[in-house]
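Student: Got a structure for you, questions after.
The values are calculated or read from the model by the stated rules, or taken from the named source; none is laboratory data. Remember, it's a predicted structure, so these values are computed and weren't measured experimentally. A quick note on method: Cβ atoms are made from the backbone with ideal geometry, for glycine too, and the neighbour counts reach across all protein chains shown. Note: areas computed on protein heavy atoms with side chains; ligands, DNA, RNA excluded. Shrake-Rupley method; radii C 1.70, N 1.55, O 1.52, S 1.80 Å.
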Amino acid sequence: MKELETAVVYRYGLLTRLSHWVWFVAFLVLVGSGLQIFNASPNLDASDKSDPARRVLAIGSPAAGVGTTTIFGHTFVTTNWLGWTGDGMGSRGPRAFGASIIIPGYQDLSGGRRWHLFFAWIAALCWLAWLVSSAVKGNLQQMILRRSDLSKLWPMQAYYLKLRKAPPPYDVYNPLQKAAYTTVLFVIAPLVVLTGLALSPGIDAIASPLTVAFGGRQFARLWHFAGMLVLIAFFAIHTFQVLTQGFANQMRSMITGWYRP
Amino acid sequence: MKRRLFIASGLSTLAGCGSVTAAMNQNASVQRVLASVERLNHALIGTRGLAREYDDRDVDANFRVNGFAAPSDARYGELLAEKFAGYRLVVDGAVERPNAFSLAQLSTMPQRTQITRHDCVEGWSAIGKWSGVALSHLLDRVGVRPGARYVLFRCMDNDGSGNLYYESLDLHQARHPQALLALRLNDAPLDPDHGAPLRLKVPTQLGYKSAKWIGRIELVGSFANIYGGRGGYWEDQGYEWYAGI
């Protein structure tokens, strides 16, 4: 028993754990409500105003019972997955993303906007609180990718791929973790916030250079969507790793703070 | 096994959100909490600055028509048939000099032209060249009385269930230099689908604020007792009154 107690370390402070779970909920709500909002106009254009000639993604239903997804002009049949999907009440119809993954779980643009704008504030304020607290406590140093970590990225990946027996030496987080956290928390998350703001007419009137910088309103909408895809990829890999690398230990550490290295 | 667990848990987490939030979305307290950020957004973003203005070459020749098509009721049909000769824009409520303006009178007022982007709440945008009378000019003509807080736009169309379309701006929004009572789109008089004979253009907010087919402008102290009490047709359906985001 004594041995066990000395084996665990206090790894995550209260604010880190709280932020983690707030982000988890906010992320699911923001993705679901974002897809609801996307459904109202299921196209993404690389332009300022809507422009079919610069359409990057279009999800639609050319005929009853058929859903299609067109990416850079190449059309794929995606019936039952995209374009022709469930309405949440037992039948299928023309709808980009299905009712089971949009928030709320039926077609409701105004409802989706309320969920989205509320949880956008929650996620952003949580990010700010976490950032300030981590900076004050000095924890940020452990997470941010540094120049000296760059040469360790491949050895770490090689270790994961079982091409190397031992990982390169590191302190708290390994170089790949640092790269992932730095990218998500300090590049993608701010970009998703800024692109979301850039597609709002009130913000465009105050800070049009922001909208212009992203290539215009529709382009900002495209970047916003692309940012979501990157965050989903992070979420999927992160969840996979938690499930495969000592699930109970990982969950305990993110709930109680105590981790067994 | 772990991989299967992962995929199953991922899918069920996502699928669960839809049904859970569908139930929560019907709850009035949940809605009040979610809607609380509208005031924050209004206070922080508000109506500041100017919407970007574009060049003639940016204009969409076929400006997208959305929402309701031209009103189908008999009165509108008669006005349209006589090319709006009998149309009068009634301006009343909390004003010093209530009036009813004909299209000819509106056309002789100082005209403003702006090429601005229309941002629809659905996510699409289009650019149009709008000409007409600055709303602030009209407000000065009739004189706003001290008790007035909102400018209410009563429209000539209904949604088919008898609910009249209406919208509102506060006086700060109404005094914005780009708040325009448009008579023309792309150098031609407005056609019925685009709001003939007169519509509002507020490029600093989402498109649903830019009401079409305006028949009457009323200055009011509050819109709490008008229709659904939320200051607009779409607002009564759950959309935000402040539509700058």
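One line per residue, one yes/no per condition, for (1) assigned to a loop (DSSP other than H, G, I, E, B); (2) at pLDDT 95 or above; (3) among the acidic types (Asp, Glu):
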| residue | (1), (2), (3) |
| --- | --- |
| A:6 | no, no, no |
| A:16 | no, no, no |
| A:25 | no, yes, no |
| A:37 | no, yes, no |
| A:76 | no, yes, no |
| A:79 | yes, yes, no |
| A:84 | no, yes, no |
| A:102 | yes, yes, no |
| A:117 | no, yes, no |
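Student: Please state which one of B:174, B:182, B:188 is more than 26 Å from residue A:108 (Cα to Cα), at pLDDT 95 or above, away from chain A (no Cβ under 12 Å) and open to solvent by 10 Å² or more (accessible area, probe 1.4 Å). Walk me through how you get there before you give the answer.
Tutor: On the way: B:174 fails: open to solvent by 10 Å² or more (accessible area, probe 1.4 Å); B:182 fails: open to solvent by 10 Å² or more (accessible area, probe 1.4 Å).
Only one candidate qualifies: B:188.
Student: Search the stretch A:178-196 for residues that are under 23 Å from residue A:37 (Cβ atoms) and pair each with any residue that is of a type in the set (Gly, Ala, Ser) and assigned to a helix (DSSP H, G or I) when their beta-carbon atoms are under 7 Å apart and the residues are at least 6 apart or on different chains.
Tutor: Matching pairs, first to second residue: A:188/A:227; A:191/A:227; A:192/A:227; A:193/A:124; A:195/A:220; A:195/A:227; A:196/A:120.
Student: Among the residues in the stretch A:39-53, are any within 28 Å of residue A:200 (Cα to Cα), open to solvent by less than 40 Å² (accessible area, probe 1.4 Å), free of Cβ contacts under 8 Å to residues at least 24 places away in the same chain and not in a strand (DSSP E or B)?
Tutor: yes
Student: Can you pull out the residues in the stretch A:160-190 that are under 19 Å from residue A:12 (Cα atoms) and either of a type in the set (D, E, K, R) or in a loop (DSSP other than H, G, I, E, B) (or both)?
Tutor: Passing the criteria: A:170, A:171, A:172, A:173, A:174, A:178.
Student: Consider residue A:63 against the criteria (1) without any contact (Cβ under 8 Å) to a residue 12 or more places away in the chain; (2) surrounded by fewer than 17 Cβ atoms within 10 Å (Cβ to Cβ); (3) closer than 27 Å to residue A:219 by Cβ: it satisfies all of them except one. Which criterion is unmet?
Tutor: Exception for residue A:63: condition (3).
Student: Follow-up question, since we're still on this one. Quick one: in the stretch B:57-88, of everything that is outside any loop (DSSP other than H, G, I, E, B) and within 14 Å of another protein chain (Cβ to nearest Cβ), which residue is surrounded by the most Cβ atoms within 10 Å (Cβ to Cβ)?
Tutor: As a first pass, look at the stretch B:57-88 and keep what is outside any loop (DSSP other than H, G, I, E, B): B:57-58, B:74-81.
When the remaining residues are screened for being within 14 Å of another protein chain (Cβ to nearest Cβ), the result is B:57-58.
Values: B:57: 7, B:58: 16.
The qualifying residue surrounded by the most Cβ atoms within 10 Å (Cβ to Cβ) is B:58.
Student: Quick check on residue B:216: is it among the basic types (Lys, Arg), away from chain A (no Cβ under 14 Å), crowded, with 18+ Cβ neighbours inside 10 Å and in contact with a Leu (Cβ under 9 Å, 6 or more places away or on another chain)? Before the answer, list the steps.
Tutor: Numbers: among the basic types (Lys, Arg): yes; away from chain A (no Cβ under 14 Å): yes; crowded, with 18+ Cβ neighbours inside 10 Å: no; in contact with a Leu (Cβ under 9 Å, 6 or more places away or on another chain): yes.
It is false that residue B:216 is among the basic types (Lys, Arg), away from chain A (no Cβ under 14 Å), crowded, with 18+ Cβ neighbours inside 10 Å and in contact with a Leu (Cβ under 9 Å, 6 or more places away or on another chain).
Student: For the stretch A:191-247, which residues satisfy the criterion of being in a helix (DSSP H, G or I), more than 23 Å from residue A:43 (Cα to Cα) and more than 8 Å from every other protein chain (Cβ to nearest Cβ)?
Tutor: Step one: list which residues in the stretch A:191-247 are in a helix (DSSP H, G or I), which gives A:191-198, A:201-206, A:208-213, A:217-244, A:247.
Pick out the ones that are also more than 23 Å from residue A:43 (Cα to Cα) and you get A:205-206, A:209, A:234-244, A:247.
Matches in the stretch A:191-247: A:209, A:234, A:235, A:237, A:238, A:241, A:242, A:247.
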